Amino acid sequence: MIVVALVLYVVALVVLFGVRSWVQHRRTGSAGFHGISGTPARAGWWGGVLFVVALVLGLAGPLLAVLGVTSTHPPVAVQVLGLVLASAGFPATLAGQTGMGNSWRIGVDPAERTGLVTGGVFAQVRNPVFAAMVTAQAGVTLMVPSPVSVAALVALVVAVELQVRTVEEPYLRAVHGEVYTDYAARTGRFLPGIGRLAPAVPTQGVSA
């Protein structure tokens, strides 16, 4: 099962970041990567750094276990549950990326203006890609429950929270205004109905 976890993770990295970026570049002229923005004084910078750390640790967890550097012997039922979560999470991540179309990006460029995607699964959840990634990493962690895999999961959860709350939501508010605020008021952040933002307050004219 450890080898299966490693193969799943490697294939996911190649497809979700390599192939998906190639397809994006063919369609738009941009691979969709904006890198880590800001400085260590900003929470968003740490979100970007932790995201990279999570990917590296996520690969290192099963790799070290295969090489025998770390040892883990979870119950078969736990491993099977992990396989189910990982097998569902990785394709769901790709589906979410594909559903974003030309608006898919990794990172945010404040000067860039992309369309707001609200259809499909985005009609219920604002960040299905991140939710699916966390699900997949949770599955890998159950398949290979080593300290490295657990650290990867923790780093990913913190990175996603920082990225969404301190970078993406303020950016989308600034770009799309009330359209985004109204959308966020009826959709969950990572799960349907959970993490909805306060609706926009309509402005009223003042008569003299």
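The values are calculated or read from the model by the stated rules, or taken from the named source; none is laboratory data. Keep in mind it's a predicted model, so treat the numbers as computed, not measured. Cβ: placed from backbone, ideal geometry, glycine included. Neighbour counts: every protein chain shown.
Go through segment 55-73 and give me each residue that's surrounded by 17 or more Cβ atoms within 10 Å (Cβ to Cβ) and either of a type in the set (A, V, I, L, M, F, W, C) or farther than 20 Å from A151 by Cβ (or both). If you could, list the steps in order and put the result at the bottom.
Our first condition is that a residue be surrounded by 17 or more Cβ atoms within 10 Å (Cβ to Cβ); within segment 55-73, this holds for 55, 57-65, 70, 72.
Of everything in segment 55-73, those that are surrounded by 17 or more Cβ atoms within 10 Å (Cβ to Cβ) and either of a type in the set (A, V, I, L, M, F, W, C) or farther than 20 Å from A151 by Cβ (or both) turn out to be L55, L57, L59, A60, L63, L64, A65.
Restricting the search to segment 38-54, which residues are assigned to a loop (DSSP other than H, G, I, E, B) and either surrounded by 15 or more Cβ atoms within 10 Å (Cβ to Cβ) or hydrophobic (A, V, I, L, M, F, W, C) (or both)? It would help to see each step written out before you state the result.
Just the residues of segment 38-54 that are assigned to a loop (DSSP other than H, G, I, E, B), to begin with: 38-42.
G38, A41 - these are the residues of segment 38-54 that are assigned to a loop (DSSP other than H, G, I, E, B) and either surrounded by 15 or more Cβ atoms within 10 Å (Cβ to Cβ) or hydrophobic (A, V, I, L, M, F, W, C) (or both).
Please give the helices (runs of 4 or more DSSP H) falling wholly within segment 102-208 in which 2 or more residues are crowded, with 20+ Cβ neighbours inside 10 Å and in contact (Cβ under 8 Å) with a residue 12 or more places away in the chain. Please lay out each step first, then the result.
Values: elements: 128-143, 147-162, 169-176, 178-186.
Because the criterion is at least 2 residues that are crowded, with 20+ Cβ neighbours inside 10 Å and in contact (Cβ under 8 Å) with a residue 12 or more places away in the chain, the helices (runs of 4 or more DSSP H) in segment 102-208 that meet it are 128-143, 147-162, 178-186.
Quick test for you: out of L172, L116, L153, pick the one residue that is out of contact with any strand residue (DSSP E or B) (no Cβ under 9 Å at 6 or more places or on another chain) and at pLDDT 95 or above.
Values: L172 fails: at pLDDT 95 or above; L116 fails: at pLDDT 95 or above.
Only one candidate qualifies: L153.
Mind listing whichever residues of segment 23-49 are hydrophobic (A, V, I, L, M, F, W, C), within 16 Å of the chain's Cα centre (by Cα) and within 13 Å of D109 (Cβ to Cβ)? Step through it out loud before you land on a result.
Residues of segment 23-49 that are hydrophobic (A, V, I, L, M, F, W, C), as a first pass: 23, 31, 33, 36, 41, 43, 45-46, 49.
Within this subset, residues satisfying the condition of being within 16 Å of the chain's Cα centre (by Cα) are 33, 36, 45-46, 49.
Those that are hydrophobic (A, V, I, L, M, F, W, C), within 16 Å of the chain's Cα centre (by Cα) and within 13 Å of D109 (Cβ to Cβ): F33, I36.
Working only within segment 58-70, note down all residues that are in contact (Cβ under 8 Å) with a residue 12 or more places away in the chain and either of a type in the set (A, V, I, L, M) or farther than 11 Å from T141 by Cβ (or both). Even if it seems obvious, please write down each step before you answer.
Pass one, segment 58-70, residues in contact (Cβ under 8 Å) with a residue 12 or more places away in the chain: 58-66, 70.
Of everything in segment 58-70, those that are in contact (Cβ under 8 Å) with a residue 12 or more places away in the chain and either of a type in the set (A, V, I, L, M) or farther than 11 Å from T141 by Cβ (or both) turn out to be L59, A60, L63, L64, A65, V66, T70.
Working only within segment 18-37, note down all residues that are of a type in the set (G, A, S), touching a residue at least 12 places away in the same chain (Cβ under 8 Å) and assigned to a loop (DSSP other than H, G, I, E, B).
Step one: list which residues in segment 18-37 are of a type in the set (G, A, S), which gives 18, 21, 29-32, 35, 37.
Filter once more, so that each one left must be touching a residue at least 12 places away in the same chain (Cβ under 8 Å): 21, 32, 35, 37.
Across segment 18-37, the qualifying residues are G32, G35, S37.
Quick one: A92 ticks every box in (1) surrounded by 14 or more Cβ atoms within 10 Å (Cβ to Cβ); (2) modelled with pLDDT under 95 bar one, so which box is it?
Every condition holds for A92 apart from (2).
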